[in-house]
Amino acid sequence: MVKHQPLQVYEKQVFVSFVTGIYGCRWKRYQRSQDDSSRWECTWFIILCSSFLLLLFWAYFWLVAQNDFNEFNWSVYNRSGEWSDETIPILASTTVGFSYITFLLILALFHISLGQQLNLYWVHKIGVLATLLTTVSGVISVDDVWGDEWDILLVSLQSTAPFLHIGALATVTAISWLVAGYVVRRERSNFQMMVLLIYIIILLAVYVAPLTFTCPCIMDRDSLRHRPDIIGRRGAPMLAPENTMVSFNRALQHGATSLEADVTISVDGVPFLMRDHTLRRTTDVSKVFPARQFDDTSFFNWTEIRSLNAGHWFLESDPYWTVKTLTARERNRIGNQTVCSLVEMLRLAARSNSSALLNIRKPPPEHPRHRSWFMDTLWAVQKAGISQKRVTWTPDTDRGKVRGLQQTTNEKLSVEEIRQRGITSLTLHYGKANHRDIQEYLANNVSVTVYPVNEPWLYSILWCSGVPSVSSDAPQVLRKVPYPIWLMSQSAYSFIWISSDLVSLAVVIGIFCFQNYHMIRWRMSGMQNYNPEQIMLSAVTRRSSRDVNIMKEKLIFSELNNGLSSTEELSLYPENGYATYSHGGLSR
């Protein structure tokens, strides 16, 4: 018999201690609370959710942007003048930040589901804020340095949208458990109704989202066109130094049917292959001609250019992490590479029965070959002995003087403009080549080449779109794609879509009914007045022993808080697990 001693049953709750300890450094039971979280802590929860969504977007962007990592590093090089793989620190920091924020968000959701108060530890608050600011600064920097790359997000949705829809559907279905627990098991308020309304709107939006999808690979197998030809863009620059003979040879070995090269005219009228405006990145000009390393590439004569080494930089910088895969013989051959002339590349194309796509950079006005550069190029084509019909000319200037070559452009033109200019094909960036335009060009016998295509998912959707050829830095990767990654008929996808929506709807309704179980029982029993304590007590017999003990503790505390007098006494019945109290004495 104990006077004025509340019954308290403390049991070890390892999982709850783990969750509250890591999230808010509250390892002991008396530090935890099931009261409503403060507005300040709810604000931090919103910041945590915002950080997660931003990092999810950021991680997805870099996942699909792998197709253009070479372009990103080249853009950074043009600004800084130093070549390095800048994607490594970005990917490492994104992985760490995303893992950290995701872990904290999972702990926060466990807090909500367990009815624990949200109290984010101050160290985590600093970490969340630092991660958020770092990600925001990264987005701003990429928009400044690489703003055109955002187009890949819309392009990637043509391949990933059906799978993202399933993931979003599973997520909003799972969240229904938290929403139902918040809305059903509390007294009604306007804020709860607003939360419920927002959730329903999001759920319906996810259900009908496939109506907005444009996925070329949702098609009948019989409609699939032949496999797109692969053009070696500067050869195979991931396996050998770009625009060199060994690089073009490697591209042909890995199934390239055509070769693409960047052409520059030397000061003495020799067309040679070089992408950059200077020779610093891909040659040893800083050692051979240190005073001229920042000079424009076209202001060197052919003898000076030929004296430079064009392979050591590849072995030293290892820009694609592929040098380790090379044999000693291949490394020796790469180390002896020189700058390649246009004639050499065209002769290789002629011997291999391939075609060539030339991106020619017109010399500046002060260059001695400024007016005769196209004649120098035609002379190289004739000297190489390749058929002019197998050479495609990219520049839009002086088209009337090069009638024998195939004409292409990098501009996105209408069919009427293409016919007026005498163009037979288009070479478009994948961000400009949408499915509808491609179908229109093909219907009017206009060939389309899309660049750069380095990842199987992008190659697959362009294959489904009917693109005849793609220009790639990685022919060795695309060679391993004998069929689109995924292909599905419209009827099969519609069945999966509708079935998933119906299953999700059934689960959501079931969760809300389960969470509202005691309310339904009360209504069906015809109770006149709603008594939450009575409803909860009616469920005690169905709860586990742990829940019963916790419930008894809560009930006794509630009675004590309601004003027990000094003469009120409490009696314990340990043999049957019940506790009662009486006024002025003991009852048993």
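The values are calculated or read from the model by the stated rules, or taken from the named source; none is laboratory data. Please read these numbers as outputs of a predicted model, since none were measured by experiment. With ideal geometry, Cβ positions are generated from the backbone for all residues, glycine too; neighbour counts draw on all protein chains shown. Quick note on the areas: whole protein, heavy atoms, side chains included, nothing else; ligands and nucleic acids left out. Shrake-Rupley method; radii C 1.70, N 1.55, O 1.52, S 1.80 Å.
Could you tell me how many of the residues in region 402-437 are over 14 Å from V450 (Cβ atoms), open to solvent by 30 Å² or more (accessible area, probe 1.4 Å) and not in a loop (DSSP other than H, G, I, E, B)?
Residues in region 402-437 being over 14 Å from V450 (Cβ atoms), open to solvent by 30 Å² or more (accessible area, probe 1.4 Å) and not in a loop (DSSP other than H, G, I, E, B): 7 in total.
Just for region 264-299: of the residues that are of a type in the set (S, T, Y), open to solvent by less than 40 Å² (accessible area, probe 1.4 Å) and assigned to a helix (DSSP H, G or I), which one is farthest from E71 (Cα to Cα)?
S298
Going through N336, N359 one at a time, which residue ends up being assigned by the TED database to the domain that holds Q406 and farther than 23 Å from Q382 by Cα? Walk me through it before giving the result.
Numbers: N359 fails: farther than 23 Å from Q382 by Cα.
Exactly one of N336, N359 is assigned by the TED database to the domain that holds Q406 and farther than 23 Å from Q382 by Cα, namely N336.
Please verify whether region 109-128 includes one or more residues that are of a type in the set (A, V, I, L, M), open to solvent by less than 60 Å² (accessible area, probe 1.4 Å), assigned to a loop (DSSP other than H, G, I, E, B) and in contact with a Phe, Trp or Tyr (Cβ under 6 Å, 6 or more places away or on another chain).
yes
For S247, all conditions in the list (1) free of Cβ contacts under 8 Å to residues at least 40 places away in the same chain; (2) closer than 17 Å to L346 by Cβ; (3) surrounded by fewer than 21 Cβ atoms within 10 Å (Cβ to Cβ) hold save one; what is the number of the exception?
(3)
Which numbered condition in (1) modelled with pLDDT of 90 or more; (2) closer than 23 Å to T408 by Cβ is the only one that K389 fails?
That leaves (1) as the condition not met.
In a helix (DSSP H, G or I) and open to solvent by 40 Å² or more (accessible area, probe 1.4 Å), is that true of A174?
Spelling it out, A174 is indeed in a helix (DSSP H, G or I) and open to solvent by 40 Å² or more (accessible area, probe 1.4 Å).
Could you tell me how many of the residues in region 44-53 are surrounded by 12 or more Cβ atoms within 10 Å (Cβ to Cβ) and either of a type in the set (V, I, T) or at pLDDT below 90 (or both)?
1
Confirm whether V481 is in contact with a Leu (Cβ under 7 Å, 6 or more places away or on another chain), within 28 Å of T322 (Cα to Cα), assigned to a loop (DSSP other than H, G, I, E, B) and of a type outside the set (S, T, Y). Full working, then the answer.
On the way: in contact with a Leu (Cβ under 7 Å, 6 or more places away or on another chain): no; within 28 Å of T322 (Cα to Cα): yes; assigned to a loop (DSSP other than H, G, I, E, B): yes; of a type outside the set (S, T, Y): yes.
Taking the combined requirement at face value, the residue does not satisfy it.
Check S425, S472 and return the single one that is small (G, A, S) and more than 21 Å from the chain's Cα centre (by Cα).
Among S425, S472, only S425 is small (G, A, S) and more than 21 Å from the chain's Cα centre (by Cα).
Filter region 323-349 down to the residues that are surrounded by 15 or more Cβ atoms within 10 Å (Cβ to Cβ) and β-branched (V, I, T), then identify the one that is farthest from the chain's Cα centre (by Cα).
Among residues in region 323-349 that are surrounded by 15 or more Cβ atoms within 10 Å (Cβ to Cβ) and β-branched (V, I, T), the one farthest from the chain's Cα centre (by Cα) is V343.
On the basis of being surrounded by 21 or more Cβ atoms within 10 Å (Cβ to Cβ) and more than 37 Å from the chain's Cα centre (by Cα), does S352 make the cut?
No.
Is it the case that region 302-311 has a residue that's small (G, A, S), open to solvent by less than 50 Å² (accessible area, probe 1.4 Å), within 26 Å of N73 (Cβ to Cβ) and in a loop (DSSP other than H, G, I, E, B)?
Checked against the condition, which is being small (G, A, S), open to solvent by less than 50 Å² (accessible area, probe 1.4 Å), within 26 Å of N73 (Cβ to Cβ) and in a loop (DSSP other than H, G, I, E, B), region 302-311 yields at least one hit.
Being open to solvent by 40 Å² or more (accessible area, probe 1.4 Å) and farther than 20 Å from A65 by Cα is the filter here, so list the residues in region 438-472 that pass it.
Once the filter is applied, which keeps residues that are open to solvent by 40 Å² or more (accessible area, probe 1.4 Å) and farther than 20 Å from A65 by Cα, region 438-472 yields Q439, E440, A443, N444, N445, S447.
Of a type in the set (K, R) and crowded, with 18+ Cβ neighbours inside 10 Å: which single residue out of R234, R221 fits that description?
R234
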